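Heads up: the structure comes next, in structure tokens.
Taken together, the values in this text are just the output of simple stated rules run on the coordinates, not laboratory data. Since we're looking at a predicted model, the values are computed, not measured. Virtual Cβ from ideal backbone geometry, glycine too; neighbours counted across all protein chains shown.
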């Protein structure tokens, strides 16, 4: 009995992974959930022209970065991003978070949101993508799970 277990355990079937297509990425991909509540969580928007927008989680009021924009390309199962601008909260004061409405103990109050160009716009190191289902509705980007909400990156939620 032990021999047959060893034989069946030793047989490994390798599944060939097809290279990721740029077309599969086009749309809105949200981190952690396929459901949308009061707004999007952390997300990627990929456009047909190769542009992307990555928006940070809006729930946390501690973060100074709101989103980054630029161009993307795909090579095999690697995603390459070239950032051209970022939107950030500038200034403001640290105040105590409101009980019951703010998730953080401290938040930034009265910050001004500004977009600024990033130069030089260098391509970042590759992010690794693993498609998790055959229909392309979920994937991992650097071990973070994202769900495709729509193929239309211009859709508002």
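Side notes on the structure shown:
- Per-residue Cβ neighbour counts within 10 Å put 48, 148, 22 in the sequence 48, 22, 148, beginning with the fewest.
- By the beta-carbon count within 10 Å of each Cβ, the least crowded to most crowded order of 105, 131, 95, 28, fewest first, is 105, 95, 131, 28.
- Difference of contour (0.36 nm per residue) and Cα-Cα distance, residue 104 to residue 134: 7.0 nm
- Ranked list, fewest to most other Cβ atoms within 10 Å of each Cβ, for 134, 123: 134, 123
- Subtracting the Cα-Cα distance of residue 59 and residue 114 from 0.36 nm times their residue separation leaves 18.0 nm of extension gain.
- Identified option (computed Rg/Rh (Cα atoms, Kirkwood Rh); candidates (1) 0.96; (2) 1.22; (3) 1.11): (3)
- Helix-only mean residue ellipticity at 222 nm for the chain, each DSSP H run of n ≥ 4 adding -39500 (n - 2.57), per residue, nearest 500: -2000 deg cm²/dmol
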